[in-house]
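Structure first, commentary second.
The values are calculated or read from the model by the stated rules, or taken from the named source; none is laboratory data. Just so you know, these numbers come straight off a predicted model, no measurement behind them. Methodologically, a virtual Cβ is constructed for each residue, glycine included, from the backbone with ideal geometry; neighbour enumeration extends over all protein chains shown. Quick note on the areas: whole protein, heavy atoms, side chains included, nothing else; ligands and nucleic acids left out. Shrake-Rupley method; radii C 1.70, N 1.55, O 1.52, S 1.80 Å.
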Amino acid sequence: MSGSGKFFVGGNWKCNGTKDSITKLVSDLNSAKLESDVGILQPLFFNPYVVVAPPFVYLDQVTSSLTDRIEVSAQNSWIGKGGAFTGEISVEQLKDIGCKWVILGHSERRHVIGEDDQFIGKKAAFALNEGLGVIACIGELLEEREAGKTFDVCFQQLKAFADVVPSWDNIVIAYEPVWAIGTGKVATPQQAQEVHVAVRDWLKKNVSEEVASKTRIIYGGSVNGSNCGELAKEEDIDGFLVGGASLKGPEFATIVNSVT
Ligand SMILES: O=C(COP(=O)(O)O)NO
């Protein structure tokens, strides 16, 4: 744990759920025992910072029913002010319904939808300027890792953020190797730690020592209630961005509490 004090656990629900299933998931989360409950002073110190990211259509349902121990994130946002942009959701609309965060640059936006580094970077800059926190995703494809290009790819994606963001104060970096997402093939603690160290070192060399030390770098890719403990022990793993396991309230609570 190196980042700014608090372990950060995000739940990326992706394109999953129905009104009923999300009502049940929210109920499970509201009744879960989370380490962050430990005393009101706890949030000032080392404890999980918890965020969940529902699909757009359920954001209002979740923000209006979820315990205030957990903050809500969008899974994407538009690159500028609202207006004639059919199908897009603006940052001001997300803030209007109580969103505090937005996930940007997720590999599914990069490799399924086709968003490029610069487009993602500009979205992040706009969201940050408008007061949302950004969970900035980076990560390599299997063939890129096998070609020894993991660091090159991650640094290129990082640079696209660094070139345009106004500040790093409200950014959490999520390292999510694409080959580990949804595959059950979780990175080993050593594999994840190696990239997290390289990312922190890149921040130190290209942004500042202060940003490098305070920015939380979280891991995503097949995290579950069984493997989270070993991963959480790594010095530079500051939390998780959880996909599939975040759709199961009790298991997500286990992951949140893995920091103890
Ligand atoms: O995409 C992910 C990880 O998904 P999984 O946990 O299902 O591998 N987080 O944003």
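Report, by residue number, each residue of the stretch 166-193 that is open to solvent by less than 20 Å² (accessible area, probe 1.4 Å), assigned to a loop (DSSP other than H, G, I, E, B) and of a type outside the set (G, A, S).
Within the stretch 166-193, the first condition is being open to solvent by less than 20 Å² (accessible area, probe 1.4 Å), and the residues that meet it are 171-177, 180, 187, 192.
In the following step, the residues that additionally are assigned to a loop (DSSP other than H, G, I, E, B) were identified as 176-177, 187.
E176, P177 - these are the residues of the stretch 166-193 that are open to solvent by less than 20 Å² (accessible area, probe 1.4 Å), assigned to a loop (DSSP other than H, G, I, E, B) and of a type outside the set (G, A, S).
Which of the residues belonging to the stretch 141-165 are among the hydroxyl-bearing types (S, T, Y) and assigned to a loop (DSSP other than H, G, I, E, B)?
none
For the stretch 224-242, name all the residues that are open to solvent by 10 Å² or more (accessible area, probe 1.4 Å) and either within 11 Å of the ligand (Cβ to nearest atom) or among the basic types (K, R) (or both). Lay out the reasoning, then the answer.
Step one: of the stretch 224-242, the residues open to solvent by 10 Å² or more (accessible area, probe 1.4 Å) are 224-227, 229-230, 232-236.
Matches in the stretch 224-242: N224, N227, K233.
Kindly indicate the residue of the stretch 194-223 that is open to solvent by less than 40 Å² (accessible area, probe 1.4 Å) and hydroxyl-bearing (S, T, Y) and also farthest from the ligand (Cβ to nearest atom) among those meeting that condition. Before you say what the answer is, go through the steps one by one.
At the first step, the residues of the stretch 194-223 found to be open to solvent by less than 40 Å² (accessible area, probe 1.4 Å) are 195-196, 198-200, 202-203, 208, 211-212, 215-223.
Imposing the further condition that a residue be hydroxyl-bearing (S, T, Y) reduces the set to 208, 215, 219, 222.
On the way: S208: 27, T215: 18, Y219: 9, S222: 4 Å.
Residue satisfying both the conditions and the ranking: S208.
With the requirement that a residue be open to solvent by 20 Å² or more (accessible area, probe 1.4 Å), in contact with a helix residue (DSSP H, G or I) (Cβ under 7 Å, 6 or more places away or on another chain) and not hydrophobic (A, V, I, L, M, F, W, C), what does the stretch 116-147 give you?
Taking the stretch 116-147 first, the residues open to solvent by 20 Å² or more (accessible area, probe 1.4 Å) are 116-119, 122, 126, 128-131, 141-147.
If we keep only those that are in contact with a helix residue (DSSP H, G or I) (Cβ under 7 Å, 6 or more places away or on another chain) too, we end up with 117-118, 126, 130-131, 141-142, 144-145.
Those that are open to solvent by 20 Å² or more (accessible area, probe 1.4 Å), in contact with a helix residue (DSSP H, G or I) (Cβ under 7 Å, 6 or more places away or on another chain) and not hydrophobic (A, V, I, L, M, F, W, C): D117, Q118, E130, G131, E144, R145.
Please work out if A136 is in a helix (DSSP H, G or I) and either under 18 Å from I217 (Cα atoms) or under 15 Å from the mean Cα position of the chain (by Cα) (or both). Working first, answer last.
On the way: in a helix (DSSP H, G or I): no; either under 18 Å from I217 (Cα atoms) or under 15 Å from the mean Cα position of the chain (by Cα) (or both): yes.
No, not satisfied.
Residues V102, V72, V91: which one is surrounded by 16 or more Cβ atoms within 10 Å (Cβ to Cβ), more than 18 Å from F8 (Cα to Cα) and among the hydrophobic types (A, V, I, L, M, F, W, C)? Break it down stepwise before answering.
On the way: V102 fails: more than 18 Å from F8 (Cα to Cα); V72 fails: more than 18 Å from F8 (Cα to Cα).
Step by step, each of V102, V72, V91 is checked, and only V91 is surrounded by 16 or more Cβ atoms within 10 Å (Cβ to Cβ), more than 18 Å from F8 (Cα to Cα) and among the hydrophobic types (A, V, I, L, M, F, W, C).
Cβ-Cβ under 9 Å, sequence separation 6+ or interchain: first residue in the stretch 99-124 and among the aliphatic types (A, V, I, L, M), partner open to solvent by 50 Å² or more (accessible area, probe 1.4 Å). Which pairs?
I103/R109; I120/R109; A124/V164
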